[in-house]
Amino acid sequence: MMITILKTIVLFALLTTGFCSGAEVGNSYEIKVLSSFDPPNIYFDEKVQPAGDSLVKVKAFLEQSSLKFKISIVPWARAYRNTLTHNDTIIFNIARTPKREKLFHWLLPLSVFTNSLVSKNSSKYRNLTQQQIITGGYTAACIRESIHCQQLLDYGFKSELIKKTSNASVDDFTELLDRRRIDFVIINMTGMGKDKNAKASDSFDFYEHSIIDTTTAYLAAPIGLAPEILSILLALPQTNESR
């Protein structure tokens, strides 16, 4: 008799507290998916709509779930900070580094790209050694919260000579280099020529001084993501389209 009463109480509790299945949880949530402009992985097509290989892979991966999602292309610093401070937001095209390792769940590898230190192709820069660059008072620029800021420090640039910006495209950096407002920048050279809306960078004569590193970009979820959403994402298989 007592066992029957206990079973009844448990059943009543489950019904009144709104117990949800995984599908029901998925249908009740809309997640934000953020990244920034970074051709060829993320760029704007002829109709100025977001496009790119990474975007296709992320959509294919998330469409396997019952989650509603909205993809937005915003300045990188905002994408990174919002992802870390909101429990309904994930980020893609983010480089996996030792410093970031414990901040995210790394859901899906998207692409491998090479970062290079570049300057304007002129006699002022062409024959400089690394030692001459870091001791010569030369300036550099990077986007806040990007791995390039730390890479410039690791290369040897002094922090006071590194200009940090909240948002900048390759075209923006090209203009700064061309006008010699900065001397060096780290960019993904594999993306050159892939942005159909680029104006200055496609015709600009860069000089590549050295390869900084080769990095894998991921779709990642922050440690603070809502557990119900995270469990759904971690259970998703990597389809052929998302590899």
Which residues, taken from segment 32-54, are crowded, with 21+ Cβ neighbours inside 10 Å and part of a helix (DSSP H, G or I)? 54
Among residues belonging to segment 160-183 that are more than 20 Å from the chain's Cα centre (by Cα), surrounded by fewer than 19 Cβ atoms within 10 Å (Cβ to Cβ) and among the acidic types (Asp, Glu), point out the one that is farthest from residue 39 (Cα to Cα). 160
Scan segment 137-162 for residues that are part of a helix (DSSP H, G or I), of a type in the set (A, V, I, L, M) and in contact (Cβ under 8 Å) with a residue 60 or more places away in the chain and jot them down. 147
Lone unmet requirement of (1) under 20 Å from residue 157 (Cα atoms); (2) part of a helix (DSSP H, G or I) for residue 128: (2)
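Results for (1) closer than 21 Å to residue 172 by Cα; (2) in contact (Cβ under 8 Å) with a residue 24 or more places away in the chain, shown as yes or no for each residue.
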| residue | (1), (2) |
| --- | --- |
| 39 | yes, yes |
| 60 | no, yes |
| 93 | yes, yes |
| 99 | no, yes |
| 114 | yes, yes |
| 119 | yes, yes |
| 122 | yes, yes |
| 135 | no, no |
What are the pairs with Cβ atoms under 6 angstrom where one residue, in segment 67-83, is closer than 20 Å to residue 232 by Cβ and the other, located anywhere, is β-branched (Val, Ile, Thr) and in a strand (DSSP E or B)? Sequence gap at least six, or different chains. 67/31; 69/31; 69/33; 71/33; 83/89; 83/91
Name every residue in segment 47-69 that is in contact with a Gly (Cβ under 6 Å, 6 or more places away or on another chain) and not polar (S, T, N, Q), in order of residue number. 67
Residues (in a strand (DSSP E or B) and surrounded by 14 or more Cβ atoms within 10 Å (Cβ to Cβ)) located in segment 55-89: 69, 71, 72, 73, 89
Just to check your reading of the model, which residue among 30, 63 is touching a strand residue (DSSP E or B) at 6+ places or on another chain (Cβ under 6 Å) and modelled with pLDDT of 50 or more? 30
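The values are calculated or read from the model by the stated rules, or taken from the named source; none is laboratory data. Please read all numbers here as calculations on a predicted model, not as lab measurements. Reconstructed Cβ throughout: ideal geometry from the backbone, glycine too, with neighbour counts over all protein chains shown.
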